[in-house]
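Input: a single structure, listed below in structure tokens.
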Amino acid sequence: MLDYVVIGGAQSGLAMAYHLKIMKKKFIVVDGEKEIGASWLNRWDSLKLFTPTEYNHLPGLKFNAKKAHYPSKFEVANYFKLYVKKFNIPVQLDTLVTSVRKTENGFYVTHKDGEIETKNVVIATGPFHTPYTPPCHTKISGTINQIHSNYYKGLYQLQDGDVLVVGGGDSGYQILNEVSKDTSRTVYFSGDTKVKSLPHQFLGKTLWWWFTKIGFLSYNKYSWIGRKINSSTQPIIGTDVKEILSRENVIPGGRTKDAMNEEIVFETKSISTIKNIIWATGYRPNFKWIEGLELDADSYPKNFRGVSNIKGLFFIGLPWMYTRGSATLGGVSKDASYLANLISKEA
Ligand SMILES: Cc1cc2nc3c(=O)[nH]c(=O)nc-3n(C[C@H](O)[C@H](O)[C@H](O)COP(=O)(O)OP(=O)(O)OC[C@H]3O[C@@H](n4cnc5c(N)ncnc54)[C@H](O)[C@@H]3O)c2cc1C
């Protein structure tokens, strides 16, 4: 029987694996994808991180790029591959876990080809499970090309004609930026146009340098200031929202309220010329495959710093698991070392 199975082999799972390796635990990392770094590679091609090199280090190995450089998704995937190689992390790919169930002595981790027995489990399956698209998308004509941002790769996926980008988060604005550079298209935008955006550089330092300096990434969610940051609208980072919205071919329409065949109904108008819709409307979590797990009102696991209600079952990489940094490349290390410390005391 293994000591640990880590489910998910991206940044969070690898950061945890690093510590398990140091502690000489008998473990394996399993991942449903066929390639290390797939969760990044699956994102759109022009994606650039909003965190510069020096804030992307996982424990034990620095992200190898110039300081103040904003890496591409390909650089992140290569970094993960190097990480696995350097620490000789046992990763079993193409192993999608379908259930985790507690037994008297540990857990059964069931995947598409069999079952693994282990004393403990670390869930590192990330914050993005089921792409969410507003229900009105089912009423839209099949002649309109609809893509969730999860599957958007680049302009080549679009058919000729106008585009609608829905969603005013980092993904929505980055995609709006890319699509509206093609000035032959009118691009409608449905999302918050009042959201604050922050530049990558400020007074000669990177934004992340300032965030670290003021402790923005370290306030925990149980503190007054942490709660305040968590509940406020997050600024868009490194994308100039005002400049994009001022482009001649970008037309904000307010919220998307409804749709019927070719007609898309916004707060401010109805449009029938749209030929492509990109839904950057987020994700819903899915942890239903873990038997006996208590979930909170947002369907995330109840936990304290990764310790769940089930003995021997841990989490890493959840959004705001402890701080704003918990679900970032550079921030996951702290949570991983906290859990490692806890595990080493229990052993
Ligand atoms: C568009 C975008 C841009 C971002 N930019 C930045 C940035 O600039 N800087 C930064 O620090 N953070 C950024 N983030 C946030 C964060 O770093 C990522 O979301 C990160 O991918 C989360 O890492 P993770 O390891 O927790 O989960 P994921 O990367 O989501 O990986 C989860 C892994 O678990 C596997 N898995 C899932 N379910 C199962 C299962 N049932 N069985 C087996 N395997 C499974 C998946 O295949 C995947 O490999 C960005 C996020 C997005 C969406």
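We did not get these values from a lab; they are worked out from the coordinates using the rules stated. Just so it is clear, the model here is predicted, and its values are computed rather than measured. Virtual Cβ from ideal backbone geometry, glycine too; neighbours counted across all protein chains shown.
What to note about this one:
- Computed [θ] at 222 nm, deg cm²/dmol, the chain (DSSP H ≥ 4; -39,500 (n - 2.57); rounded to nearest 500): -6500 deg cm²/dmol
- When only the Cβ of Lys, Arg, Asp and Glu is charged (+1, +1, -1, -1), the dipole of the stretch 221-347 relative to its Cα centre reaches about 460 debye.
- The count of lysine pairs in the stretch 43-119 whose Cα atoms are under 21 Å apart, excluding pairs fewer than 8 places apart on the same chain, comes to 17.
- Only aspartates and glutamates eight or more places from LYS334 in sequence, or on another chain, were considered; those with a Cα closer than 16 Å are GLU54.
- Taking amide H as placed 1.01 Å from N in the peptide plane, ALA259 has its amide H under 5 Å from the amide H of VAL265, each at least 5 places away in sequence or on another chain.
- Cα-centre dipole for the stretch 1-94 with unit charges at Cβ (Lys and Arg positive, Asp and Glu negative), debye to 20: 380 debye
- Whole-Hz Karplus values for the stretch 179-186 come out as 5, 7, 5, 7, 6, 6, 10, 8 Hz, taken residue by residue from phi with 6.51 cos²θ - 1.76 cosθ + 1.60 and θ = phi - 60°; glycine and proline positions read x.
- Applied to the stretch 290-304, the Karplus parametrisation 6.51 cos²θ - 1.76 cosθ + 1.60 on θ = phi - 60° returns per-residue 3J(HN,Hα) values of 9, 5, x, 7, 8, 10, 8, 4, 9, 6, 9, x, 5, 6, 10 Hz, with x for Gly and Pro.
- Exposure proxy ranking, count of Cβ atoms within 10 Å, fewest first, for GLU291, GLU248: GLU248, GLU291
- Relative to the dominant Cα principal axis of the chain, helix 332-346 is inclined by about 20°.
- Under 20 Å from the Cα of LYS302 - aspartates and glutamates, other chains or at least 8 residues apart: GLU291, GLU294, ASP335
- Which of SER299, SER46 has the fewest Cβ neighbours within 10 Å, and the rest in rising order: SER299, SER46
- Relative to the longest principal axis of the Cα atoms of the chain, the long axis of helix 11-22 makes an angle of roughly 20 degrees.
- For VAL6, distant residues with modelled amide H under 5 Å away: ILE28, VAL29, VAL30, VAL122
- The C-alpha atoms of the chain define a longest principal axis, and helix 73-86 lies at about 10 degrees to it.
- At R0 = 41 Å, FRET efficiency that the Cβ-Cβ distance of LEU93 and SER141 yields, to 0.05: 0.60
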